[in-house]
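Colleague: Below are the structure tokens for one structure; questions will follow.
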Amino acid sequence: MSKVAVIMGSTSDLPVMQDAIDILKEFDIEVEVDIVSAHRTPEKLFDYGKNAHTRGINVIIAGAGGAAHLPGMIASLSPLPVIGVPVKSTNSIDGWDSVLSILQMPGGVPVATVALNGAKNAGILAAQIIGATDKCMLDKVLFYKEGLKQKVIEGAKELKK
């Protein structure tokens, strides 16, 4: 069974990151949730980044606000795909510092980056990554996308009534 880690710099990020947790559960993906601060628990960050793949994690979703070093640091240590979620936090410059910190990674250390507070899309992207090699998950993603299409079609019908 596939497993996705959802990590964040502090509990204040949980209201945003909960969207990733919820959509991953909707896809029946096992989720590991933890607080891993790049600045306050660097030893934990190093251990987590170096060893997540040995615990069966397939994708890491890392949410962070402010300077947002967590996603990039985890990506520098882990062989796994990392999806960064910039979080608009109280110490953030309208969220832009978080977006740019995660988006502007140097060559060789990729971090897939979703929109500000876009944790739901991070969860969907994790499911799609898993679906690239797991037919059952691919079918779930296709079903989910078909549901999105049907919502738009139904909305258009309602609009014309």
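Values quoted throughout were computed directly from the atomic coordinates according to the rules given, and no laboratory measurement underlies them. A quick note: this is a predicted structure, and the numbers were derived from the prediction, not measured. As a convention, Cβ positions derive from the backbone with ideal geometry for all residues, glycine included, and neighbour counts pool all protein chains shown.
Colleague: Using the 10 angstrom Cβ neighbour count as an exposure proxy, how do VAL114, VAL31, VAL152 rank, fewest first?
Modeller: Ordered from fewest to most neighbouring Cβ atoms within 10 Å, VAL114, VAL31, VAL152 come out as VAL152, VAL31, VAL114.
Colleague: Between ASP139 and ASP22, 0.36 nm times their residue separation minus their Cα-Cα distance comes to what?
Modeller: Between ASP139 and ASP22, full extension yields 40.3 nm more.
Colleague: While we're on this one: Using only alpha carbon positions, build the gyration tensor of segment 72-161, then give the equivalent ellipsoid semi-axes as the square roots of 5 times its eigenvalues, largest first, whole angstrom.
Modeller: 30, 21, 8
Colleague: With only Lys, Arg, Asp and Glu charged, each at its Cβ (+1 for the first two, -1 for the last two), find how big the charge dipole of the chain is about the Cα centre; round to the nearest 20 debye. Could the numbers behind the result be given before it?
Modeller: Details: 16 positive and 17 negative charges, 82 e Å.
Approximately 400 debye in magnitude.
Colleague: Sticking with the crude label model, points 7 Å out along Cα→Cβ, report the distance from LYS157 to LEU14 in nm, one decimal please.
Modeller: Distance between label points: 4.1 nm.
Colleague: Right, next: Report, in deg cm²/dmol and to the nearest 500, the calculated mean residue ellipticity at 222 nm for the chain, where each DSSP H run with n ≥ 4 adds -39500 (n - 2.57) and the sum is divided by the residue count.
Modeller: Values: 6 runs with 77 residues, N = 161.
Here the helix-only value at 222 nm equals -15000 deg cm²/dmol.
Colleague: Would you look at the GNM of the chain, springs on alpha carbons closer than 10 Å, and say which of GLN104, GLN150, GLN18 moves the most?
Modeller: GLN150
Colleague: Please state, as a whole number in µm²/s, the translational diffusion coefficient that the Stokes-Einstein equation yields for the chain at 25 °C and 0.890 mPa s, with Rh defined as the Kirkwood radius across alpha carbon pairs.
Modeller: Answer from the Stokes-Einstein relation: 153 µm²/s.
Colleague: For the charge dipole of segment 122-161, defined by +1 on Lys and Arg C-beta atoms and -1 on Asp and Glu C-beta atoms about the Cα centroid, which residue among LEU142, GLY155, ALA122 has the Cα displaced farthest towards the positive pole?
Modeller: Selected residue: GLY155.
Colleague: To make sure I understand, if each residue's beta carbon is the centre and we count other beta carbons within 10 Å, what order do ILE74, ILE129 fall in, fewest to most?
Modeller: Ranked by crowding around the Cβ, least crowded first: ILE129, ILE74.
Colleague: If you rank VAL85, VAL33 by fewest surrounding Cβ atoms within 10 Å, what's the result?
Modeller: Working: VAL85 34, VAL33 16.
By the 10 Å Cβ count, ascending, the order reads VAL33, VAL85.
Colleague: Please compare each pair in LYS25/LYS120; LYS25/LYS140; LYS25/LYS145; LYS88/LYS149; LYS25/LYS50 to a cut-off of 21 Å on the Cα-Cα distance and tell me which ones are over it.
Modeller: LYS88/LYS149; LYS25/LYS50, as the Cα separations exceed 21 Å there.
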